[in-house]
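First the structure, in the form of structure tokens, and then the observations on it.
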Amino acid sequence: MKKIILLFGLFFALQTQTTLMAQLGEDAENVIFNAILNGAFNLVVQDGDVQTATFNSADDYNFGISESIGIPGIDPGFTTVAMEATGNWFLKISAPDFTPITGSGNIPINNLGVWCEATGVHQFGTEVTCAFQTADAALGLLNTDVTLIDLLTENSGDQTDNLFVLHWLMGTMQGGMNPASMFSQLSDRIFSQGTYTTTVVLTMTEIP
Amino acid sequence: MKTLSGIWYITLVLLQLLIFFKLSAQETPMLINTEARLDNILLLKMTPEKYVEFGIKKINENLYQITKQPDDVMFSVESTGSWNLSISSADAYFTGKNDSTHKVPVDFIGLYVENTGTNWDNGLFSNMANATKDTIVYLAPEKTSLLESGVRGNIGGSSQNSFILRWKFFYEDDALKIRKFTDFDINDDNYRVGYYITLSESTANGKIDQ
């Protein structure tokens, strides 16, 4: 009988020790955190998404207008665009011909010109390229896409990196713009006096 | 076997979709609205001194010497619409500069317009009709039409619509004018008269005189 009691006593003592040991031990579970960095490409027009070009003098018709040529010329005459991109990108531009609200005929879109200025960290000749950096080298817009700003080395970044000003010209006959004056085209009856409109499309494209 | 084939098919489609989305570049378009307002203009460009002046000296009863020829006048028209142009004198007589009692009728001098622009002035079926193309017209107090818009319209700037107004003494060509000329008692003097050139829009919307 004593032996049996001793055995039970021994058994309980071992169980208690085991229980105590388990309470003092450590357990670990893992939380798996997945950070998925998807590609983000965002084109932001900060200002100048509406442009008004007014021709109201002979000089305007003869020599064209811009933000600084003609009164009022083109108001505001420039558009500030910024790109937020996790990868490399390039920017295209195109527009249909001006169509009349009043007046007749269409104004060929190559009467509208644009040139670019880099005001962010990314500069032309280092991170990006642009073939139209002065008014004299302005791009005359086309109905089909033309690359306005292209990749040179690496142009991913935020709005402070990718900040550009697009300067607009109309009827100035510079660079690749229509070589005929607005007066000459009026005289040739390509379009008449009136009010015309078009929508310029800027397309930022990811480079895979 | 059929189940296996189906699984392979679905896997293949998923793989193709994956490749497509991976390879196709993301495009972000943005629109800029541009409006061009082509306002109406009608502009006559010429020297502000709008008078014609000549000098004359009597040699004998039948012979006079012109001591000062009237100056030609270059002018141009810049217009977004078609236009007409006419001329009239400010007075019925030239008046002597040295003695204002000296008078000569304004039709003593004629004029014609020489076209130096690219708009044609060969008649109503061209850009414009030039009333003085083959003749000379009198200067008169009443408006005399010189240029009138043709079928093709005469819209344009200075390069299209550029002209020289040339003065001409009638007696130079017309023997009859010699007789008329001798009817006047013309005193030695420099004679002058003002004139108006009137530019009018010739659209159906009405005329706007400048």
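Readers should treat all values here as calculations from the given coordinates under stated rules, not as data from a laboratory. Note that the structure is predicted; figures quoted are calculated from it, not measured. Reconstructed Cβ throughout: ideal geometry from the backbone, glycine too, with neighbour counts over all protein chains shown.
What dipole magnitude, in Debye to the nearest 20, does region B:24-95 give about its Cα centre under +1 on Lys/Arg Cβ and -1 on Asp/Glu Cβ?
340
Given 37 °C and 0.692 mPa s, how large is the Stokes-Einstein diffusion coefficient of region A:148-191 in µm²/s, with Rh as the Kirkwood radius over Cα pairs?
Using the Kirkwood radius from Cα pairs, D works out to 237 µm²/s.
Run the helix sum for chain A: -39,500 (n - 2.57) per DSSP H stretch of 4+ residues, divided by residue count, reported at 222 nm to the nearest 500 deg cm²/dmol.
Mean residue ellipticity at 222 nm (helix-derived): -5000 deg cm²/dmol.
Between region B:42-75 and region A:125-160, what is the separation of their alpha carbon centroids in Å?
60
Residue by residue through A:85-94, how many Cβ atoms from other chains fall within 10 Å of the Cβ on average?
2
Decide, for region B:42-201, between rounded, prolate and oblate: order the square roots of the alpha carbon gyration tensor eigenvalues as a ≥ b ≥ c, take rounded if a/c falls under 1.5, and otherwise choose prolate if a/b is larger than b/c, else oblate.
Values: a/c = 2.66, a/b = 2.04, b/c = 1.30.
Prolate, because a/c is 1.5 or more and a/b exceeds b/c.
Within region A:85-208, what percent of beta bridges assigned by DSSP are antiparallel, to the nearest 5?
95
Per residue of A:174-186, what is the mean number of Cβ atoms on other protein chains within 10 angstrom of that residue's Cβ? Walk me through the numbers before you get to the answer.
Values: counts 0, 0, 0, 0, 0, 0, 0, 4, 4, 11, 6, 2, 9.
Partner-chain Cβ atoms within 10 Å, mean over residues of A:174-186: 3.
Just how far, in whole angstrom, is region A:194-208 from region B:92-113 if you go by their alpha carbon centroids?
The distance from the Cα centre of region B:92-113 to that of region A:194-208 comes to 64 Å.
Provide the descending list of Cα extents for region B:43-118 along its principal axes, expressed in whole angstroms.
52, 23, 18
Given an 8 Å cut-off on Cα distances and at least 6 residues of separation, report the relative contact order of chain A as a percent.
Here the relative contact order equals 27 percent.
Starting from the Cα gyration tensor of region B:72-152, take the square roots of the eigenvalues, sort them a ≥ b ≥ c, and report rounded, prolate or oblate (rounded when a/c is under 1.5, otherwise prolate if a/b is larger than b/c, else oblate).
Numbers: a/c = 2.73, a/b = 2.48, b/c = 1.10.
Here region B:72-152 falls in the prolate category.
Please quote Rg/Rh for region A:41-206 to two decimal places, taking the Kirkwood radius as Rh and restricting both calculations to Cα atoms. List each step's numbers first, then the result.
Details: Rg = 16.2 Å, Rh = 16.2 Å.
A ratio of 1.00.
Cross-link list B:K103/B:K168; B:K58/B:K143; B:K68/B:K97; B:K58/B:K97; B:K68/B:K143: which exceed 20 angstrom alpha carbon to alpha carbon?
Checking Cα-Cα distances, B:K58/B:K143; B:K68/B:K143 exceed 20 Å.
Quantify how strongly other chains surround peptide B:153-159 by giving the mean number of their Cβ atoms within 10 Å of each of its Cβ atoms.
On the way: counts 4, 1, 9, 8, 11, 3, 5.
Partner Cβ neighbours, averaged per residue: 6.
Near the amide H of A:G103, under 5 Å away, which other amide H atoms are found, from residues 5 or more places off or on another chain, if H is placed in the peptide plane?
Excluding prolines and chain starts, which carry no amide H, the hits are A:T195.
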